[in-house]
Structures are given as C-alpha cells and as structure tokens.
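Asks: Here it is: the structure, laid out below.
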Amino acid sequence: MNLAPNFPDDHAMQLLMQLLHEELGLPERKTISLNTSINFDLGCEGADAQRLMEALEEQFAIDFVDYDAYRYFQPEGFDVFLKRRAKGRGDKVPLTIEMLYQAIKAQRWDTRKLEGIS
C-alpha cells in the first residue's frame with residue numbers, strides 16, 4: 001500500500017488503516033491519501049459498508065449521532081421502503097479516510113463538521 005506524503009502516522013490512523021485493510025482490502029498500487037473516499041475510490045457499498053461502520057463504532061466507540069448511511073452508500077438490493085426513505089437525499093457524498101479519522105479522534109460523527117458544511 002502506498003501512502004501519500006504527510007499521511008498521519010499516529011496510533012489512531014494505524015488502527016483505522018488496519019481495519020480498512022481487513023474489511024475492504026486496500027489496493028497495493030494506488031496511493032492512499034486522506035481524501036481517498038471509501039465509497040467512490042475503494043468501492044465500499046452495501047453490506048460491506050454496513051459491516052465497516054459497525055466495526056468502526058465497536059472498535060473506536062464513535063457516537064454516530066447524526067450519521068446517515070444513505071448520504072454515502074447505496075442500499076444493498078432493491079427495497080421500496082428503503083428507496084422511499086432515501087428519496088430526496090440526492091447524489092452520494094464522498095466518505096473520506098480523513099472523515100473517518102476525524103470521527104475517531106472526536107469519538108463522534110458530526111456530519112456538518114466532517115463534511116465541512118457551514
């Protein structure tokens with residue numbers, strides 16, 4: 001795995017990268033940066049995304065107070081009820097390694113802060 005220059009090398013990031021490698025498998029030839037999105041760049045969706053977010057919550061004790069999976073991931077399969085609930089949420093937003101890292105450090109998912117929404 002190639003990490004971008006100035007990639008954080010603290011314990012939290014090491015644990016996050018280990019978890020991402022175990023859950024998703026990180027590409028060997030692609031450079032991973034803080035801006036790498038797990039949904040678009042690494043192709044994490046559906047059940048894989050759900051398992052990853054559950055593992056993050058369990059391993060890092062993150063309070064996912066306003067986390068909305070539909071902002072980032074397509075639901076697995078087709079479910080008319082899920083589609084109805086997801087209606088109006090628009091295009092998916094990149095969920096980056098930096099967002100996960102910041103949530104781990106804060107032990108809280110704050111969508112506005114993590115996405116840089118004013």
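Asks: About the Cα centre, and with charges only on the beta carbon of Lys, Arg (+1) and Asp, Glu (-1), how big is the dipole of the range 1-81? Nearest 20 debye, please.
Replies: 380 debye
Asks: Please state, rounded to one decimal and in Å, the Kirkwood hydrodynamic radius that the range 2-113 gives when every pair of distinct Cα atoms enters the mean of 1/r.
Replies: 14.7 Å
Asks: For the range 2-113, build the charge dipole from Cβ charges (+1 Lys, Arg; -1 Asp, Glu) around the Cα centre, then report which of 43, 104, 25 sits farthest towards its positive end.
Replies: So the residue furthest toward the plus end is 43.
Asks: What is the sum of charges around residue 102, taking Lys and Arg as +1, Asp and Glu as -1, for the other residues whose C-beta is under 11 Å from the C-beta of residue 102?
Replies: Net charge in that neighbourhood comes out at 0.
Throughout, read-outs are computed from the coordinates displayed, never taken from laboratory work. Every value quoted in this text rests on a predicted model; they were computed, and no experiment measured them. Glycine gets a Cβ as well: all are built from the backbone with ideal geometry, and neighbour counts include every protein chain shown.
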